[in-house]
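Scroll down for the structure; my scribbles are underneath it.
The values are calculated or read from the model by the stated rules, or taken from the named source; none is laboratory data. Model, not experiment: these values are computed from the prediction. Please note: Cβ atoms are built from the backbone with ideal geometry, for glycine as well, and neighbour counts cover all protein chains shown.
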């Protein structure tokens, strides 16, 4: 089997997969069981192939004979069988097969087979990212955080392809050295389809601070089609990276890249003339600008009619445009696209839970006032945090993928501690509304509100008092429709959701919305799909718990309480409670509480008292979690428990979802002898 590799990016990915597979099959145990104690086995276990950073050491030349890599690394037959077993699993994960043809560069040079599962007759774009230049400002290159790193993320619209680099140094001129292989055309499509492929690449640059915080530094689109008129169908460019938000007009630096077309099999690609390429780009640009102009004219006329219908309408929260991270005004319905996550998301409730595990963070503004930034889906997922608009657009897209009649709602939410006039006004917020129809009735049988930030689901009960915090609603929209609330009051409590009644909800023309969406390419960042979690939940849970215990013991010792005594049996029994908390967040009902209470009654000695403090955080930093627990009076009383025969217990459970979003549950408890 020819398994030569020539790309650092794929070597890194393969290295991670090989490492996981070796851990699953217990390579050391297999070798011990088979008495492979010879020099070959020892060399195998110590070789770079099975180290985390093996991609920094392995390099194979294109002229290396078939099978040479395996022959150099192993000679023992049984060890080689283990290698083949791991290799088969790697190939299956990367969708490779032994019959895949080698990729050939367009000018005729042979390329190594890359681990991307190439189809015969398909066309690929190889984007080699060499280095970054002039990465200054915007938090890049600061010396106050030596642990800061950066990473580059790519998305390509058709098929929702996504890629990301390994982390690299957060300096002014970082060396990146990554190559990404993006499928441009399926087998059977003509060369003209390449020129008409108007979807650009979406590049997102992130800064990783110490801990798990990821800062969005740049969001840029890169049109690769000028290389179609290059003699060698390859070009080297310096891509200007734009800032984000209020700094969208400020350059975040330059990215030196080389782009070239690759094909598999015997397919040939013809070079286009420069004039033809420029004409195509100019035509698309004109069509897009004309589409935007026409929709702005339509929206202005529509808004004038809406305000004329009712005097109060001009002050309602009707959001037609939203600024994305690049500072561009986009129609809000452009940010919602039905998303089917395959087997990564099992149900609408799981979708709500997943979105809630992406952290909430208000968009930063320069000076006073609130920032208005709705990130593209790709930027939001890459960053792993965002505002309510980001959460609502993603949740609505997922619920649409599950076949629900879902809309993003924009209105106001009462502050947690407000009442009276302040509660009635509230602050602007986005959430998700789903409507359920029964029969031919225009009025929906049920209306549910979904809080995209915490995952809660509320039944809207009309005039009755509801538990949800939403006070006003101005508009509803999804990928096909837009409705503005035209009822006598925009109060949620009295709102009726029969959207077909134009007297209550003023709709935008579906033709106008469709023309705005088809006038130009859909932003590639809005088509990103979800990626599978890379975290091992069991390992993360164990590591979190060990570090949490060490942090608790350290704080107690610093407080003069001496060595901490841990109750292992009681700690393990907290697992059921943590599982119940997660199920309650998923389904809204208590789970396994009766069994947990029975276990506590049996395990806590007579005459002793048990106190516990559960907590959920959306990160995996035990010290931050402990600090959050100590901000609660109950948490402080448990951690710094004093008394006779004090024993502590602690348990942690990390629940992983798509995009490696996680909910970390922990409980710290104590038992002590009650005073007589």
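Can you tell me which residues in the stretch 358-369 are surrounded by fewer than 21 Cβ atoms within 10 Å (Cβ to Cβ), more than 23 Å from residue 473 (Cα to Cα) and in contact with a helix residue (DSSP H, G or I) (Cβ under 8 Å, 6 or more places away or on another chain)?
Correct list: 364, 365, 366.
Got a sec? Which of 382, 364, 424, 371 is within 22 Å of residue 217 (Cα to Cα), assigned to a helix (DSSP H, G or I) and at pLDDT below 95?
Of the residues listed, the single one that is within 22 Å of residue 217 (Cα to Cα), assigned to a helix (DSSP H, G or I) and at pLDDT below 95 is 382.
Quickly run through the stretch 295-332 and pick out the residues that are in a helix (DSSP H, G or I), within 18 Å of residue 507 (Cβ to Cβ) and touching a helix residue (DSSP H, G or I) at 6+ places or on another chain (Cβ under 6 Å).
Result: 295, 298, 306, 307, 313.
Just checking, which of 532, 563, 550 is in a helix (DSSP H, G or I) and either under 30 Å from residue 348 (Cα atoms) or not assigned by TED's automatic domain parsing to the domain that holds residue 351 (or both)?
From the options 532, 563, 550, the qualifying one is 550.
Go through the stretch 241-294 and give me each residue that's closer than 30 Å to residue 364 by Cα and in contact with a helix residue (DSSP H, G or I) (Cβ under 9 Å, 6 or more places away or on another chain).
Selection gives 244, 292.
If you take the residues in the stretch 266-311 that are in contact with a strand residue (DSSP E or B) (Cβ under 8 Å, 6 or more places away or on another chain) and loosely packed, with under 15 Cβ neighbours inside 10 Å, which one is modelled with the highest pLDDT?
So the residue we want is 305.
Looking at (1) in contact with a strand residue (DSSP E or B) (Cβ under 9 Å, 6 or more places away or on another chain); (2) over 22 Å from residue 355 (Cα atoms); (3) at pLDDT below 95; (4) in a helix (DSSP H, G or I), find the lone condition where residue 594 falls short.
If we test residue 594 against (1) in contact with a strand residue (DSSP E or B) (Cβ under 9 Å, 6 or more places away or on another chain); (2) over 22 Å from residue 355 (Cα atoms); (3) at pLDDT below 95; (4) in a helix (DSSP H, G or I), just (1) comes out false.
Taking residue 355 as the residue in question, decide whether it is crowded, with 21+ Cβ neighbours inside 10 Å, assigned by TED's automatic domain parsing to the domain that holds residue 448 and either out of contact with any helix residue (DSSP H, G or I) (no Cβ under 7 Å at 6 or more places or on another chain) or assigned to a loop (DSSP other than H, G, I, E, B) (or both).
no
I'd like the full set of residues that are touching a helix residue (DSSP H, G or I) at 6+ places or on another chain (Cβ under 7 Å) and either touching a residue at least 24 places away in the same chain (Cβ under 8 Å) or assigned to a strand (DSSP E or B) (or both), limited to the stretch 626-640.
The answer is 626, 629, 630, 635, 639, 640.
Quick one: residue 588 ticks every box in (1) surrounded by fewer than 13 Cβ atoms within 10 Å (Cβ to Cβ); (2) over 26 Å from the mean Cα position of the chain (by Cα); (3) in contact (Cβ under 8 Å) with a residue 60 or more places away in the chain bar one, so which box is it?
Here residue 588 clears every test but (2).
It is to be established whether one or more residues within the stretch 434-444 are under 26 Å from residue 584 (Cα atoms) and either part of a loop (DSSP other than H, G, I, E, B) or modelled with pLDDT under 95 (or both).
Among the residues of the stretch 434-444, at least one is under 26 Å from residue 584 (Cα atoms) and either part of a loop (DSSP other than H, G, I, E, B) or modelled with pLDDT under 95 (or both), which makes the answer yes.
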